[in-house]
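Asker: What follows is a structure written as structure tokens; I'll ask about it next.
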Amino acid sequence: MSKVAEFTTRNDLPQRVRTTIVALLNQQLADVFDLYSQTKQAHWNVKGMQFMQLHELFDSLAGTVLGYVDMIAERATALGGYAQGTARMAAQHSTLEEFPAEIVEGKQVVEVLAERYAQFAASTRAAIETALEHEDQDTADLMIEVSRDIDKALWFLEAHLQG
């Protein structure tokens with residue numbers, strides 16, 4: 001990530017911790033914003049016999065993920081950081097693979113999304129550990145909430161691939 005602006009705050013976390021956590025939050029922000037856009041891409045373009053069920057599932061998942069975009073960005077700014085949250089910033093810094101434009105068939109779309117959700121779930125668990133190592137329980141708590149919902153979303157996606 002590029003240099004993060006730092007703003008004056010009365011937050012009692014040490015500056016070095018806030019700097020580290022803001023960088024971590026901006027990475028999570030890039031990935032969660034990308035995950036949101038990829039989920040909407042799937043929502044708009046899915047085709048096949050389960051179209052309606054998947055179309056509605058993807059829209060529901062995207063709505064949940066979008067809430068985390070805002071929460072993660074606001075946590076970064078609450079720590080005196082600058083939230084790097086434009087679509088271009090997210091695209092430049094996301095660690096998620098790009099959604100393949102040629103994939104539209106229901107099962108294939110679910111497979112792609114399941115992989116992206118699993119990747120984001122893993123990075124979110126790593127973010128929890130980093131926040132705890134730096135004694136930032138509030139960021140850890142936020143990431144735990146994100147992790148819980150992302151794991152649930154992954155379960156929903158994988159249920160379509162099982163059986």
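Asker: What order do you get for V32, V146, V17 when you list them from fewest to most C-beta neighbours inside 10 Å? Walk me through the numbers on the way to the answer.
Answerer: On the way: V32 29, V146 24, V17 18.
Ascending Cβ contact count within 10 Å gives the list V17, V146, V32.
Asker: If you don't mind, another one. Does anyone have the angle between helix 106-133 and the longest principal axis of the chain? Alpha-carbon axes, 0 to 90°, nearest 10?
Answerer: 20
Asker: Tell me, Y36, Y82, Y117 in order of fewest to most beta-carbon neighbours within 10 Å?
Answerer: Values: Y36 20, Y82 16, Y117 25.
Arranged by neighbour count, lowest to highest, Y36, Y82, Y117 become Y82, Y36, Y117.
Asker: I would also like to ask the following. Towards the positive end of the charge dipole of region 15-161, with charges on Cβ (+1 Lys, Arg; -1 Asp, Glu), say which of I150, H134, A90 has the farthest Cα.
Answerer: Going by the charge dipole, the pick is A90.
Asker: Okay, moving on. What distance in nm separates the simple spin-label points at A87 and Q53, each placed 7 Å from Cα in the Cβ direction?
Answerer: Each label point lies 7 Å from its Cα, and together they span 3.1 nm.
Asker: Using just the helices of the chain, give the 222 nm mean residue ellipticity in deg cm²/dmol: DSSP H runs with n ≥ 4 each add -39,500 (n - 2.57), and the total is spread over all residues, rounded to 500. Could the numbers behind the result be given before it?
Answerer: Working: 5 runs with 119 residues, N = 163.
About -25500 deg cm²/dmol.
Asker: Rounded to whole Å, give me the distance from the Cα center of region 58-75 to that of region 125-157.
Answerer: The distance from the Cα centre of region 58-75 to that of region 125-157 comes to 14 Å.
Asker: With an 8 Å cut-off on Cα pairs and a minimum separation of 6 or more residues, tell me the relative contact order of the chain in percent.
Answerer: Relative contact order here is 29 percent.
Asker: Using a Gaussian network model on the chain with a 10 Å cutoff between Cα atoms, which of A87, A42, A78 fluctuates the most?
Answerer: Taking springs between Cα atoms under 10 Å, the residue moving most is A87.
Asker: Could you please rank D141, D136, placing first whichever residue has the fewest other Cβ atoms within 10 Å of its Cβ? Please report the intermediate quantities before stating the final value.
Answerer: Numbers: D141 14, D136 24.
Ascending number of Cβ neighbours within 10 Å: D141, D136.
A short reminder: the numbers here are calculations on the coordinates, not readings from a lab. On a predicted model such as this, the values are computed, not experimentally measured, just so you know. We place every Cβ from the backbone using ideal geometry, glycine too, and count neighbours over all the protein chains shown.
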